Amino acid sequence: MKKIILFIALCFAFTIGKAQNKLTPELLWKLGRVSEPRISPDGKTVLYNVRTFDIAENKGQSDIYTIPVSGGDAKGILNSTADEGSARWRPDGKKIGFITNDKDGNSQLFEVNADGSGKTQITSVKSGINQFGYAPSMDNIWYAANVKLDQKVNEIYPDLPKAEGARIIDALMYRHWNAWEDYAYSHVFVAAYTDGKMGVAKDIMPNEKFDSPLQPFGGDEQINFSADGKKLAYTCKKESGTEAAISTNSEIYVYDLTNGLTTNITEGMEGYDQKPVFSPDGKKIIWLSMETPGYESDRDRLFVLDFATEEKKELLSNFDFSVDQMNFSPDGKMIYFLAEWKGTHQLFSYDTQAKAGTAPKQITNEQADYQDLSFCYVNKKPVIICSRMSMVMPTEIYNVNAENGTATQITFTNKTIWDALAKPRCEKRMVKTTDGKDMLVWVMYPPDFDATKKYPALLFCQGGPQSVVSQAFSYRWNFSLMASKGYIVVAPNRRGLPSFGEAWNDQITGDWGGQAMTDLMSAIDDVSKEPYVDKNKLGCVGASYGGYSVYWLAGHHNKRFKAFIAHCGVFNLESEFGATEEMFFANHDMEGAYWKNPKPKSYDAFSPHKFVQNWDTPILIIHNEKDFRVPLNQGMEAFTAAQLRGIPSRFLYFPDEGHHVLKPQNSILWQRVFFEWLDKYVK
């Protein structure tokens, strides 16, 4: 606890010393980032992680804390200078397992007592591990570790040792998200375990050139033991090369520890299947399943398999929203889960004994996002812990009443900093679209907003494209920061975003430059009617598909905007198709390749580069070298076009970032250039 108090006190001193009362980029990076709450088996204590950053050192550190479920003093478990994460209670609650580096710098599983004493190293894997999990029976353990199965060029040709950076590539997916293929694959290992002692680990995917968890973002939620510790379910896409690049066919495999056999329980289901969870009695298993092959943003349906009857069925067939983080109650009668819900993330429960078609119960319904669901039962009643955030409140941990949804905040990691700031205000606004639909638009107002004054406004264009504009407190596109800089922020949940039903989400397929763009225009036009909005001072900003939206609107905005900012946006749909990595995404959203006959209309009708002749507004373009989803050439092409057309333009380039800007000093630079551009051309 001493370290976190000192950290907050220093931040508070910084705030007061500078006489600041509004959020700044520097203060944003001084907030502690709370994550991964886990309730103890006895329901008394919450384990969680706080990540803090040193701007001068340009790096972050994660630390583990505990706090009573009713709130109180937060206690640092180890109070070390090491980076510690993935903290999990051992099923008996007597130990805490976590991952940190050993003396050789490899990430390993360690355990400590609940008070932080008795630190013991459990694994000694040469290359380190990246995930782990205990069997509820506590007699087995699993971990994931990289296994090198491919040869580098200088291993194939040992007489050419200095050709180590060269690559011989025979298929796609040679790079993914922000990294080149590293010749190794994440495999799942199992080992016997007895009170801190681990037996010889067995690779249950021997010689398989596939990853589990799924890369690059899969975690321990994709791998789970049965209650008796005799079966392990894991998520894997057992496809490689070009086949993997065009497919979303991940499967759920069940490995039997007693006989070493592996069974694919989702065979024939060709969309994403992931995140398996066994029922407490081991007779059933639930998981998330997407129906449409090749569609990464399809609705995540809750599926169940009865092992005895081999029947597979969707549990919530009448629930038109994606499910996540589901788990059974100890008696198996209830399933608790989170779901995207009308521009937010909320908590739900489902009675497994209810009649078919019965709707789940919505427990929370607030202008906030609930995340990181963890619960246990005490005296046959649920004790529920979630993290929660909103556009005007960084993440903290809450105790949620399962009956009425009342949420009580129990951590106050950033209270000293946050309470000292003047806060923006976020309001929900319903806007009519051009086809007569009601669209939810979040509008953020500056601190000390005065309706008798006029303010510049920013249209925020969401990425994805199928990614909800929820109540997220982002450390990149932070609406509180934008509002604190004196801008009204207009953030529409345009067509193509989840949490409003499948039809709303799916509409954007093959129509990137169509209804979604008119929805964005409808939002800014509606808010601009207000007397406190200066219609002559409008900006338009966005990243990824949001960057695409900026490029598209730059050629179609009819002089609405005074400045544009595009971060890692798609500019040329044909060259994007030829350079991106996950081909299933481009295939689905463009409805095929540009050489298909007949040619999909998107390439000619909706590619922003086809309308550069209409550009007439200053534009800031930001792009990153390690972005392999939307490769660097997209930003370079857009900047070249703007420069040769004589459009006031600037190119901000980061050689060491991927699709996002994650390093503290890079992020602060990003924010400074971002607001300098807006202040110059919009204010």
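The values are calculated or read from the model by the stated rules, or taken from the named source; none is laboratory data. Note that the coordinates shown come from a computational prediction; the quantities given were computed from them, not determined experimentally. No Cβ is skipped: glycine too gets one built from the backbone with ideal geometry, and neighbour counts run over all protein chains shown. These accessible areas exclude ligands, DNA and RNA; they are computed on the full protein's heavy atoms, side chains included. Shrake-Rupley method; radii C 1.70, N 1.55, O 1.52, S 1.80 Å.
For the reader, a short list of remarks on this structure follows.
- Among the residues of the stretch 321-329, not a single one is closer than 29 Å to residue 180 by Cα and crowded, with 23+ Cβ neighbours inside 10 Å.
- Pair list, Cβ under 7 Å, 6 or more apart: the stretch 408-426 residue on the phi > 0 side of the Ramachandran plot, other residue exposed (fewer than 14 other Cβ atoms within 10 Å of the Cβ): none
- Of all residues making up the stretch 36-68, the number that are in contact with a Pro (Cβ under 9 Å, 6 or more places away or on another chain) and under 17 Å from residue 110 (Cα atoms): 3
- The stretch 456-503, subset aromatic (Phe, Trp, Tyr) and in contact with a Lys or Arg (Cβ under 8 Å, 6 or more places away or on another chain), residue nearest to residue 529 (Cα to Cα): 500
- Within the stretch 620-656, restricting attention to residues that are assigned to a loop (DSSP other than H, G, I, E, B) and touching a residue at least 40 places away in the same chain (Cβ under 8 Å), the residue that is surrounded by the most Cβ atoms within 10 Å (Cβ to Cβ) is 630.
- Taking (1) among the small types (Gly, Ala, Ser); (2) surrounded by 22 or more Cβ atoms within 10 Å (Cβ to Cβ); (3) closer than 18 Å to residue 135 by Cα in turn, residue 260 satisfies each apart from (2).
- If you go through the stretch 113-124 and keep only what is closer than 14 Å to residue 65 by Cα and touching a Leu at 6+ places or on another chain (Cβ under 7 Å), you end up with just 116.
- Positions within the stretch 35-62 being open to solvent by 10 Å² or more (accessible area, probe 1.4 Å) and under 21 Å from the mean Cα position of the chain (by Cα), in sequence order: 35, 36, 38, 49, 51, 52, 53, 59, 60, 61, 62
- Taking the stretch 487-561 and the helices (runs of 4 or more DSSP H) fully enclosed by it, the elements with 3 or more residues that are out of contact with any Phe, Trp or Tyr (no Cβ under 9 Å at 6 or more places or on another chain) are at 502-506, 515-528.
- All positions within the stretch 556-577 that are farther than 21 Å from residue 624 by Cβ, touching a residue at least 12 places away in the same chain (Cβ under 8 Å), open to solvent by 10 Å² or more (accessible area, probe 1.4 Å) and not basic (Lys, Arg): 556, 574
- Among the residues of the stretch 106-136, those identified as among the hydroxyl-bearing types (Ser, Thr, Tyr) and free of Cβ contacts under 8 Å to residues at least 40 places away in the same chain are 107, 117, 124.
- Selection from the stretch 89-106 of residues that are open to solvent by 30 Å² or more (accessible area, probe 1.4 Å) and either in contact with a Gly (Cβ under 6 Å, 6 or more places away or on another chain) or aliphatic (A, V, I, L, M) (or both): 106
- For residue 78, the conditions (1) touching a Ser or Thr at 6+ places or on another chain (Cβ under 9 Å); (2) surrounded by fewer than 19 Cβ atoms within 10 Å (Cβ to Cβ); (3) at pLDDT below 95 all hold with the exception of (2).
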